[in-house]
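A.B. asks: Right, I'll just put the structure down here and ask away after.
The values are calculated or read from the model by the stated rules, or taken from the named source; none is laboratory data. Everything quoted here is computed from the prediction, not taken from an experiment. Methodologically, a virtual Cβ is constructed for each residue, glycine included, from the backbone with ideal geometry; neighbour enumeration extends over all protein chains shown.
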Amino acid sequence: MTNRLLAAFVFFTRLPFGRIREIPAECFKHVVNYWPLAGWLTGGIMAGTLWLAAQILPLSVAVLLALMVRLLVTGCLHEDGLADFLDGFGGGTTRERTLAIMKDSHIGSYGVIGLVLYFALMWSLLSALPLTLACMAIVSGDAWSKFCAAQQINFLPYARKEEESKAKVVYNRMSLGAFVFAFVSGIVPAIVFLSPFMFWLAGLLPLLTAVFLILLMKKRLQGYTGDCCGAAFLLCELAFYLGINIVYQVSIN
């Protein structure tokens, strides 16, 4: 378990966990099982940055700095996936064409516009919340959205051959034990930091987003790719923050 957890931290962040020990290649096939737990780290760093920056800077500036820090920690892994996903599904009309566009390292108009809108929405949704709630939402949303996005590996096959994967690895489907572990890892931060009413309403939107994306991937690709995983996480996270904002606005009006 230690090796697989380290593999997840190495895979999903750019922090020097790989220096701790040599990790067998097989462990990287199970990293999605620990993706929500990795969200504790990335979400915690982002929330901590936001809290500290907001002590001396306007909240809107602090949110921007927090977003920048997460990009540095993750190496833009998920954002790259979102751009490729949008280019592929926006510009492709067939399975083969969509996969070919997604594999192209160049970013297209759909990817550029999509990233601009994504960051604009992220910044707007987090800036609209009180500081404490924004920090709690970040930690909760990171972990829960990664659990929701991870379910595509349980319902869809990998859309390419393993040797064609950008990361040169195909994730194994979750066993029952791995699913329970991922679920607990995903939901615990929300239970700790958010009220049950707020979480159950806001937490439903990422689930619905994940279901929609899985159906879309099944129809277009008959499977998923690593880019699909990254895109699904970011879109599920946006849905979570949207839900938090809706519940918050209703509660104060």
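A.B. asks: Does at least one position in region 58-71 carry a residue that is surrounded by 16 or more Cβ atoms within 10 Å (Cβ to Cβ), at pLDDT 95 or above and under 30 Å from Ser175 (Cα atoms)?
C.D. replies: yes
A.B. asks: Tell me, which residue of region 1-24 that is out of contact with any His (no Cβ under 7 Å at 6 or more places or on another chain), surrounded by fewer than 20 Cβ atoms within 10 Å (Cβ to Cβ) and not in a loop (DSSP other than H, G, I, E, B) is modelled with the lowest pLDDT?
C.D. replies: Gly18
A.B. asks: Any residue that is outside any helix (DSSP H, G or I), among the hydrophobic types (A, V, I, L, M, F, W, C), on the phi < 0 side of the Ramachandran plot and touching a helix residue (DSSP H, G or I) at 6+ places or on another chain (Cβ under 7 Å) - is there at least one of those in region 213-231?
C.D. replies: Taking every residue of region 213-231 in turn, at least one turns out to be outside any helix (DSSP H, G or I), among the hydrophobic types (A, V, I, L, M, F, W, C), on the phi < 0 side of the Ramachandran plot and touching a helix residue (DSSP H, G or I) at 6+ places or on another chain (Cβ under 7 Å).
A.B. asks: Taking Glu22 as the residue in question, decide whether it is among the acidic types (Asp, Glu) and within 27 Å of Phe193 (Cα to Cα).
C.D. replies: No; evaluated as a whole, the condition is false for this residue.
A.B. asks: Would you check if Thr49 is within 18 Å of Met136 (Cα to Cα), touching a residue at least 24 places away in the same chain (Cβ under 8 Å) and surrounded by 20 or more Cβ atoms within 10 Å (Cβ to Cβ)?
C.D. replies: no
A.B. asks: Follow-up. Any idea which of (1) outside any helix (DSSP H, G or I); (2) at pLDDT 95 or above is the one Arg173 doesn't satisfy?
C.D. replies: (2)
A.B. asks: Moving on. Please enumerate the residues belonging to region 232-253 that are part of a helix (DSSP H, G or I) and over 19 Å from Met136 (Cα atoms).
C.D. replies: Ala232
A.B. asks: Let me ask another. Restricting attention to region 101-142, report how many residues are at pLDDT below 90 and either charged (D, E, K, R) or in a helix (DSSP H, G or I) (or both).
C.D. replies: Total satisfying the criteria: 2.
A.B. asks: Of all residues being small (Gly, Ala, Ser) and free of Cβ contacts under 8 Å to residues at least 24 places away in the same chain in region 92-107, which is nearest to Thr225 (Cα to Cα)? Just the residue, please.
C.D. replies: Going through the qualifying residues, I end up with Ala100.
A.B. asks: Just checking, does region 243-253 include any residue being crowded, with 16+ Cβ neighbours inside 10 Å and under 20 Å from Trp35 (Cβ atoms)?
C.D. replies: No, region 243-253 has no match at all.
A.B. asks: Hey, among Gly111, Gly88, which residue is touching an Asp or Glu at 6+ places or on another chain (Cβ under 8 Å) and over 17 Å from Ala159 (Cβ atoms)?
C.D. replies: Gly111
A.B. asks: Additional query: Please go through region 206-222 and give me each residue that is more than 16 Å from Ile138 (Cβ to Cβ), surrounded by 15 or more Cβ atoms within 10 Å (Cβ to Cβ) and out of contact with any Lys or Arg (no Cβ under 8 Å at 6 or more places or on another chain), ordered by number.
C.D. replies: Passing the criteria: Leu207, Thr209, Ala210, Leu213, Ile214, Met217, Lys218.
A.B. asks: Out of the residues in region 80-100 that are of a type in the set (Gly, Ala, Ser) and not in a loop (DSSP other than H, G, I, E, B), which is farthest from Ser251 (Cα to Cα)?
C.D. replies: Checked region 80-100; the qualifying residue farthest from Ser251 (Cα to Cα) is Ala100.
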